[in-house]
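The values are calculated or read from the model by the stated rules, or taken from the named source; none is laboratory data. These numbers were taken from a predicted model, which means no experiment stands behind them. Cβ placement follows ideal geometry from the backbone for every residue including glycine, while neighbour counts extend to all protein chains displayed.
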Amino acid sequence: MKRNNFLLCAAALSLFNAVGCDSSNNKSSPTNTAKSDPTEAKSDASVPLKSDANSEPKTAKAEPDYITVQHCLIGFKGSLPGKPVTRTKDEAKELATKLLAELKAGADFDEIIRKNTDDSPPGIYKMANRGKKADMSQEVYPREGMVPAFGDTGFPLEVGEFGLAEYDTQKSPFGWHIVKRTK
């Protein structure tokens, strides 16, 4: 499983370099593992949602230096190197939207991840924001070492909030990420 995570991160880092993203601050290549404990404005691909349906919309504020997020990746045929995903892009989008609605209604995120993720469960990652030190020995990954929409969705969230990083060929090339900030 660690090898699959490494391949996903390596592919993402290659994509960042190919589109001109600066990853020169990275001292080592990310090797995402499924363990826990990541400042740019929120992208259009980010749709943060409060776990509490009665909350007011938030105003823009400074993003945290470090976060821990958990995610459920919904890929489609051809979006994940080495993974035999058979759903179509439309089916993946429909599933991600359905699962997010279930989470808003109180579904168990761990159960949704176990049944649906195309990443290795539990899908928990620590990230350091731009300009902050990533510590690979503590499995804290640099924001720039992850798919852009993953950090763009995770960093604006409050603890307990969910967000959806929609598929985008450059910002979220592996599919849809349902993200929950846990710390």
Is it the case that region 103-111 has a residue that's of a type in the set (F, W, Y), in a strand (DSSP E or B) and surrounded by 16 or more Cβ atoms within 10 Å (Cβ to Cβ)?
no
Any chance you could count how many residues in region 80-107 are at pLDDT below 95 and over 20 Å from E161 (Cα atoms)?
7
